[in-house]
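Here the structure comes first, spelled out in structure tokens, and everything after it is commentary.
The values are calculated or read from the model by the stated rules, or taken from the named source; none is laboratory data. Model, not experiment: these values are computed from the prediction. Note that we place each Cβ from the backbone using ideal geometry, even for glycine, and neighbour counts take in every protein chain shown.
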Amino acid sequence: MKRYLTWYKIILKQLFRKADFVVPLLLIAAAVYGVSHISFSADQSAKIGFFAAVSEESAENSQGVSSSSLAERLLQEEGALSFVPFDSEDALQRAVQDGSVRCGFVLPPVMEDAPAQITLLLTEASGESSLAKETVYMDYLDLLSKDTLYDIARNEEFYVPGNEEERYEYIKERYAFHRGSDDVFHLIYETVDSRKAAASEDSFLFPGMVGLFILIVMMLNAQALFSEERVELNKKITVQNKIGFQILELQAAGIPLSVAAAILWMIERNGSFSSLLLGFAVSFLYSVFCALWIFLYLQFFRNSLQYNSVLPITLLFNLLICPVVFDASTFFPALKYVQYLFPVTWYCRLAALI
């Protein structure tokens, strides 16, 4: 045991003295954090749902803003929010619960300025829901203001000479009324229980990239085992020592990698010290698993040329088959079991502990 510990210390000292290991380690860690926070969604806008109730009787007998006219305005919105119509309030509520939309609005058939009663469905308050509220209010206010101008245009008394002051006071009064959102626009907040899946398609992106980062550096570092010095050294020691020394050398890179991963986890968790400790523990255990996996993987190759030729394909499989960018097993169910043959999948699962 003492012999292995001495060898382990020597390997660690050599690693930290090598600029071609430390510098790429820092650069790759920074790249991993940046890439893992890139959205891969084609649609960058947050989805907001709405259900526009329709009642022909109330629409014919009321002078307020109809839900259909407001719905038309919402569908024309572009930018940070994308409004999605639903056929029923139940369908809208289910979409809010499973996270398909960030929140949802239930629009009554006709909204009169007394004030308009609109229901907002959400699982929790967020920036998107606040922005959506302001967007709905502005569109509603714009339609309501147009109705006021139409009323003025239809009222012949306003155009009698000498009524300019009266017309001005009326417009001023309506403008002040419309500015008070509590008077014309009232939201009824209704919180619904979230039923999001424990892990969505992109929830493994950050841990998947960190796990891939550790595996890449450890596999690149494993190339040293094919050097002439290592080959000559292996000839001078017993098979038992050879296996032990090789696994130690493979795992030694896991120490600085676990520290880098722990720091990334702490940054991801907004400076949480517990995430630093858990991130290191999980990453260290993962590095031990990777060392054993790489050791078995190396047995299929006789030299560095063979190893390097297959290395990119192996890393690509870890990226595509494991649930990093997306979960391929949702399209090919058989891959659900094949995924566990690759190390990155295990890190994604272990990351739930952090």
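I'm trying to understand the selection: among the residues of the range 297-353, which are farther than 24 Å from Val282 by Cα and of a type in the set (Lys, Arg)?
Arg302
Can you tell me how many residues in the range 66-110 are part of a helix (DSSP H, G or I) and on the phi > 0 side of the Ramachandran plot?
Kept after step one, since they are part of a helix (DSSP H, G or I), are these residues of the range 66-110: 67-75, 89-98.
Checking which are on the phi > 0 side of the Ramachandran plot leaves us with none.
Here the count works out to 0.
Here's a check for you: in the range 302-325, which residue that is touching a Phe, Trp or Tyr at 6+ places or on another chain (Cβ under 9 Å), surrounded by 15 or more Cβ atoms within 10 Å (Cβ to Cβ) and among the aliphatic types (A, V, I, L, M) is modelled with the lowest pLDDT?
By that ranking, first place goes to Val325.
So, Arg269, is that one charged (D, E, K, R) and free of Cβ contacts under 8 Å to residues at least 40 places away in the same chain or not? Full working, then the answer.
On the way: charged (D, E, K, R): yes; free of Cβ contacts under 8 Å to residues at least 40 places away in the same chain: no.
Judged against the criteria, Arg269 is not a match.
One residue is enough: does the range 291-301 have a residue meeting the conditions touching a Phe, Trp or Tyr at 6+ places or on another chain (Cβ under 9 Å) and over 19 Å from Ala253 (Cβ atoms)?
yes
Regarding the range 291-310, can at least one residue be identified that is within 21 Å of the chain's Cα centre (by Cα) and free of Cβ contacts under 8 Å to residues at least 60 places away in the same chain?
From the range 291-310, those within 21 Å of the chain's Cα centre (by Cα) are none; that's our starting set.
No, the range 291-310 contains no residue that is within 21 Å of the chain's Cα centre (by Cα) and free of Cβ contacts under 8 Å to residues at least 60 places away in the same chain.
Does any residue of the range 323-336 turn out to be of a type in the set (Phe, Trp, Tyr) and part of a helix (DSSP H, G or I)? Give the steps one after another, and end with the answer.
At the first step, the residues of the range 323-336 found to be of a type in the set (Phe, Trp, Tyr) are 326, 331-332.
Applying the additional criterion that residues be part of a helix (DSSP H, G or I) yields none.
No, the range 323-336 contains no residue that is of a type in the set (Phe, Trp, Tyr) and part of a helix (DSSP H, G or I).
Which one of these is at pLDDT below 70, part of a helix (DSSP H, G or I) and not assigned by TED's automatic domain parsing to the domain that holds Cys290: Lys172, Lys146? Step through it out loud before you land on a result.
Details: Lys172 fails: at pLDDT below 70.
Going through Lys172, Lys146 in turn, the sole match is Lys146.
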